[in-house]
Amino acid sequence: MTRLSVAMRGIVTALAGLLAVTCASATAQAAPGPSAPADFVALRSVDPTILQDIRYFTPHNFVGRRIDGYRQPLCMLTRPAARALHKAQTRLLRQGYTLKVYDCYRPQRAVDHFVRWAKDLDDQRMKTEFYPQVDKTRLFADGYIAEKSGHSRGSTMDLTIVRLPAGPTRPYVPGRPLVPCYAPRDQRFPDNSVDMGTGFDCFDTLAHTDNPRIVGEQRANRELLKGTLHKLGLVNLAEEWWHYTYEPEPYPDTYFDFPVSPASLAPSR
C-alpha cells in the first residue's frame with residue numbers, strides 16, 4: 001500500500017468516526033422525552049380566562065430557583081380536573097372574580113428537587129418568607145416536604161381567587177428583602193389575589209384552611225374558594241388553603257415525570 005493510500009484511509013476513517021459522533025449527538029438531542037397520557041390537557045385549552053402564575057418556573061418559591069422539570073410556565077391537568085376548574089371559573093366570573101393557578105401537574109423530578117433542597121440544611125435563602133418559624137430539619141416530619149406529591153398524578157392544583165379587574169403583580173426580584181408569608185397583606189410579597197391570610201406556599205399553621213385565627217374577610221375569601229370548588233368535586237387539603245384535588249382521580253396511583261411543557265402534550269390537546 002502506498003503512503004498516499006495509507007493517508008487517505010486514515011482521513012476516511014477519521015471522517016467516518018466524526019460523522020458517527022455527530023449523528024449520535026443529533027439523535028440524542030432529538031430523542032423524545034416522556035409524554036403525557038392522552039387525557040392530559042393544557043388548562044388554557046379548556047379555559048383561557050383562568051390566570052396562571054406558575055411559581056415553580058420562577059425563582060420566587062421556597063427553594064429560590066426554577067424547579068427541575070418546569071420548562072414552560074404552564075398549567076397541565078387531567079381533562080376532568082381542567083373541566084371542573086372551568087365550571088368553577090364560570091361561577092366566579094359571575095361574581096366578579098377569577099381563578100388564578102400557582103401550580104398544577106408537577107413532575108416527579110420536581111418533587112425530587114424539593115427533597116434534595118430540604119436535605120441541604122445550609123440552603124436557607126428563602127426561609128424569611130416561606131418558613132420563618134419552621135426549622136428546616138423539621139420539613140419532612142411536619143409534612144411540608146415529601147418524596148411523593150399528589151400533583152404528580154395530574155389532578156391536583158394550587159390556586160387562589162383574584163378580584164376583577166385583575167391588577168398586575170410586581171415581579172419578584174432576587175436579593176430584595178424578604179417578608180414573612182403570614183405578615184399583613186400590605187407588607188408581604190404583593191399578589192393580586194384576594195387576602196387569604198397568608199401567601200402561597202406558606203409553611204405555617206396559619207395556612208391551614210380552617211385555622212381559627214383566620215377571621216373576617218380572610219375567612220370569607222377562603223370559604224368562597226372552598227365552597228365553589230367543593231361543589232364540583234375539588235377537595236381541599238386541610239393544611240393548605242390553596243391545595244385542591246379533583247376526585248375521583250383518573251390516576252390515583254401513578255406518579256408521572258414528563259416535563260411541564262407543551263411538547264409533552266399532543267398538538268391537538
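The values are calculated or read from the model by the stated rules, or taken from the named source; none is laboratory data. Here the structure is a predicted model, which is why all the values come from computation and not from measurement. Cβ coordinates were reconstructed from backbone atoms using ideal geometry, including for glycine residues, and neighbour counts include every protein chain displayed.
Here the range 192-216 is the region considered, the condition is being touching a Ser or Thr at 6+ places or on another chain (Cβ under 8 Å) and without any contact (Cβ under 8 Å) to a residue 60 or more places away in the chain, and the residue that is surrounded by the fewest Cβ atoms within 10 Å (Cβ to Cβ) is L206. Restricting R222, R213 to residues that are of a type in the set (K, R), assigned by TED's automatic domain parsing to the domain that holds V179, more than 16 Å from the chain's Cα centre (by Cα) and over 24 Å from N61 (Cα atoms) narrows the list to R213. Residues that are aliphatic (A, V, I, L, M), surrounded by 20 or more Cβ atoms within 10 Å (Cβ to Cβ) and under 20 Å from D257 (Cβ atoms) are absent from the range 91-101.
Being surrounded by 14 or more Cβ atoms within 10 Å (Cβ to Cβ) and at pLDDT below 95 is a property that holds for T169.
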